[in-house]
Amino acid sequence: MKVTAVLLSALAVILAVGGPGAARAEERPAGTSPHPAVGGALADLGSQDDAVREGAVRRLMKEADESLLPALEQMRAEGDRSLRMAIKPIADAIRNRAKLRDEDPDVRRSAASDLGSSGLVESIPWLEQAAAGETHRWARYTMQEAVGLLKLASTDPTVKIAAVSSLGELRSQNAVPALKELVQSSSDSGATADQKNVGVAAGEALERIETWSAWSTAIETIFRGISLSSILLIMSLGLAVVFG
């Protein structure tokens, strides 16, 4: 009963604020309710059926935007533990989706990083769209890296191999643990042909990342040595002048 009451209260909030896309309400035919798919998905979040709840999460991730956050926060505050756990990743993802449009590139990078580590594959289109129009180099890099990390969870070996290759080209240090896991899985006795193909691609990507890391470390060490040597040289010259 409590969950039902929370859901009804949340639906009332949606109707009060006009729901996602309220700014386009004048474009909808008269007499239609705003975004019934979102309302139905919110109701399904209270289901005891895992499949129904997962379907609700996918619909919310596809249809909802930041205007749904007040309703989600109300549900989190009044719902039980399982409902709060189901809502939190959705609310966080919607917030990060809005941050992908922030004026500060650091905020956009942080949002992309959070989405990449969330495991929510539904956020891939958001990241791809944001990366396509991103002008800041490192913000675009983080978005592309996040897309690659999320696509590693795909069941399609073609998609997974493409993601592995993309992460290798990006020299993504964040992808190293996942790539090592793919290589390890491909070496198991029960590995399928697809897993072995993915493992080969992951091994090649790892080699590229590790080679780049070795060169970067070497160059960084050289510059650090030059910097320190210049400081010591200036100090020695100063002492020579003072005590010369």
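The values are calculated or read from the model by the stated rules, or taken from the named source; none is laboratory data. Quick caveat, the model's predicted, so the values are computed rather than measured. As a convention, Cβ positions derive from the backbone with ideal geometry for all residues, glycine included, and neighbour counts pool all protein chains shown. Surface areas here come from the heavy atoms of the whole protein model, side chains and all, with no ligands, DNA or RNA. Shrake-Rupley method; radii C 1.70, N 1.55, O 1.52, S 1.80 Å.
For region 231-244, the set of residues classified as in a helix (DSSP H, G or I) and open to solvent by 70 Å² or more (accessible area, probe 1.4 Å) consists of 231, 232, 233, 234, 235, 237, 239, 241, 242, 243, listed by residue number.
Matching residues to (1) at pLDDT 85 or above; (2) in contact with a Phe, Trp or Tyr (Cβ under 9 Å, 6 or more places away or on another chain); (3) surrounded by fewer than 17 Cβ atoms within 10 Å (Cβ to Cβ); (4) under 23 Å from residue 172 (Cβ atoms):
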site	(1), (2), (3), (4)
38	no, no, no, no
58	no, no, yes, no
86	no, no, no, no
97	yes, yes, no, yes
119	yes, no, yes, yes
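Taking the condition among the polar types (S, T, N, Q), at pLDDT below 95 and exposed (fewer than 14 other Cβ atoms within 10 Å of the Cβ), does residue 129 pass? It is true that residue 129 is among the polar types (S, T, N, Q), at pLDDT below 95 and exposed (fewer than 14 other Cβ atoms within 10 Å of the Cβ). The set of residues in region 171-201 being under 17 Å from residue 154 (Cα atoms) and acidic (Asp, Glu) consists of 181, 194. Listed by position, the helices (runs of 4 or more DSSP H) contained in region 134-230 that have at least 1 residues being surrounded by fewer than 19 Cβ atoms within 10 Å (Cβ to Cβ), modelled with pLDDT of 90 or more and acidic (Asp, Glu) are 157-170, 176-186.
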